[in-house]
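Following: one structure in structure tokens, then a few remarks.
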Amino acid sequence: MNTDQSHTLFVKAQQLIPGGVNSPVRACKSVGCEPLFVKRAAGSKIHDVDGNEFLDFVCSWGPMILGHNHPSVVEAIEKTLRDGTSFGANSPLEIELAELVIKALPSVEKVRFVSSGTEATMSAIRLARGYTGRKLVVKFDGCYHGHADSFLVKAGSGVITLGIPGSPGVPEDIVRNTMSIPYNDPEILEKTLRDKKLDIACVIIEPVAGNMGVVAPQPGFLQKLRALTTELGIVLIFDEVITGLRLSLGGAQEYYGVLPDLTCLGKIIGGGLPVGAYGGKREIMDMISPVGPVYQAGTLSGNPLAMAAGAATMRQLAQPGFYAALEDKASRFAQGLNDLGGKYLPGQTTLNRVGSMMTVFFTAGPVVDYETAMQADTARYGQHFRQMLAQGIWLAPAQFEALFISAAQSEAELAMALEKTECSFKKLAG
Ligand code: KE4
């Protein structure tokens, strides 16, 4: 596979942009190769600058659930574009997307749009702190909520990680108010919340984790979290930046029937354009400026192009049978991966799937939290990634991410991807 132009561009990009990338994971450091530069994408395919074509399972880290350049999304953006790109003022499009979001997410009564998932989650915890008057934020090892200081605590360094900065530049007195506890451990959860209840503003969780690889909540875990936070007056925040509109139109909260107090959204809600959102109970949301005292703002919040792309996307997702069809494709593809793992790498892979998001971990498993996810053989994942890329399959360039099924991948393409997975697993088996 010729990647000369990508290489030339990467050399130049590294002189202009740190690491040559605008987001670290794209640098492909953990999979031992240089990143490719994309020229265009359409449907299920990505085309790089050297003319190579790839079947896309990254879907821009989740947003492209319809596939790239869905005609209805393109049409909505083109139509809106003619009337301007940014007003810094209200537009009817904000109401249009807000109505669709509130109709879709069972717990959301009011919503505020921002421009990224990080903005959504950082605003949601500020709101929870303002609403409760408390300081502590509880998160879970292996869950990622964007790069705001409060979330960058060292994960998994102990049973309960007391605010140890996870990155230089994050002051200790910021993360001192963040506790990180193991995912899927109801005993530690209950002990932590009861011990610290008077100081805890909120608990924030990925209801299905996607950032340690896909890790599902154990049966009853979300229900226990909801019951405890309700009893103790703690704000429960679902970070549905990945799961929102992914697992169902109502996200994980509809999928599992557990309603949080606040929900954070991103990715799919923008249809490929920069949109984040946070929403929830009217009583809490009305604490946000200009109604309430908790400040949050954004120049491009509610951007008309992004609103139009998000609304067009949600209309497609609301079509009868959309999620059933996605589930059918995803379950059969996952079964195929499982069968190949069992045949060529017995006892060396474990597959976690919820809906159309899944991860093949190169470890025996089960993978139920950060600690067990970290057992995965990342070097082996890197070899698999490179072998699949060479065969025209675009996987996440990191073991601890998700593989996404989209509406655009055809049965024939998924069958071909399984054949190429078989080739790769055979090589890994040696
Ligand atoms: P953004 O600020 O990247 O839009 O969203 C942050 C975020 C918040 N919450 C969850 C559950 C997320 O997964 C993310 C971002 N996800 C990563 C990949 N899993 C984005 C990819 C990247 O960082 O380049």
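Values quoted throughout were computed directly from the atomic coordinates according to the rules given, and no laboratory measurement underlies them. Note that the coordinates shown come from a computational prediction; the quantities given were computed from them, not determined experimentally. Because the Cβ atoms are built from the backbone with ideal geometry, glycine has one as well, and the counts that use them run over all protein chains shown.
Among Cys28, Cys202, Cys423, a tally of other beta-carbon atoms within 10 Å of each Cβ gives an order, fewest to most, of Cys423, Cys28, Cys202. Taking the chain as a Gaussian network of alpha-carbon nodes connected by springs under 10 Å, the highest mean-square fluctuation of the residues Val354, Val21, Val175 belongs to Val21. Taking packing as the residue-averaged number of other Cβ atoms within 10 angstrom, the listed peptides 278-285, 307-314 run from highest to lowest as 307-314, 278-285. Note on the stretch 71-317: with charges restricted to the Cβ of Lys and Arg (+1) and Asp and Glu (-1), its dipole about the Cα centre is near 240 debye. Estimated purely from DSSP H runs of n ≥ 4, each contributing -39500 (n - 2.57), the mean residue ellipticity at 222 nm for the chain is -11500 deg cm²/dmol once divided by its residues. Using the average count of surrounding beta-carbon atoms within 10 Å as a protection proxy, the listed peptides 296-302, 182-188, 212-218 rank, highest first, as 212-218, 182-188, 296-302. The charge dipole of the chain, taken about its Cα centre with unit charges on the Cβ atoms of Lys, Arg (+1), Asp and Glu (-1) only, comes to about 280 debye.
Computed over the stretch 71-317, the quotient of the alpha carbon radius of gyration and 2.2 N^0.38 Å is 0.99. For the stretch 282-402, the normalised intensity computed at q = 0.11, 0.21 Å⁻¹ comes to -0.63, -1.14 (log10 of I(q)/I(0), Debye sum over alpha carbons, equal scatterers, no solvent). Converting the Cα gyration tensor eigenvalues of the stretch 79-196 into ellipsoid dimensions via √(5λ) gives semi-axes, longest first, of 34, 17, 13 Å. Summarising the amide proton neighbourhood of Ile393: residues at separation of 5 or more, or on other chains, whose placed amide H is nearer than 5 Å comprise Leu55. By the count of neighbouring beta-carbon atoms within 10 Å, fewest first, His384, His147 end up ordered His147, His384. Of the residues Ser23, Ser115, Ser30, Ser356, the one with the fewest other Cβ atoms within 10 Å heads the list, and the complete ranking is Ser23, Ser30, Ser115, Ser356.
Extension gain, Asp195 to Glu231, is 11.6 nm, computed as 0.36 nm per intervening residue step minus the present C-alpha separation.
Counting only aspartates and glutamates at least 8 places from Lys103 when in the same chain, those with an alpha carbon closer than 19 Å to its own are Glu94, Asp239, Glu240, Glu254, Asp261, Glu283, Asp286. Measure out, as a whole number of angstrom, how far apart the alpha-carbon centroids of the stretch 175-225 and the stretch 352-419 sit. Rounded to whole Å, the Cα centres lie 25 Å apart. What the pair-distance distribution of the chain shows, using all Cα-Cα distances binned every 20 Å from zero, is 26, 59, 15, 0 percent.
In the structure shown, the pairs Lys110/Lys267; Lys29/Lys267; Lys139/Lys343; Lys139/Lys420 are assessed against 27 Å; a Cα-Cα span above that value is assigned to Lys139/Lys343; Lys139/Lys420.
A simple count of charges around Ser107, restricted to other residues whose Cβ falls under 14 Å of its Cβ and scoring Lys, Arg +1 and Asp, Glu -1, yields -1.
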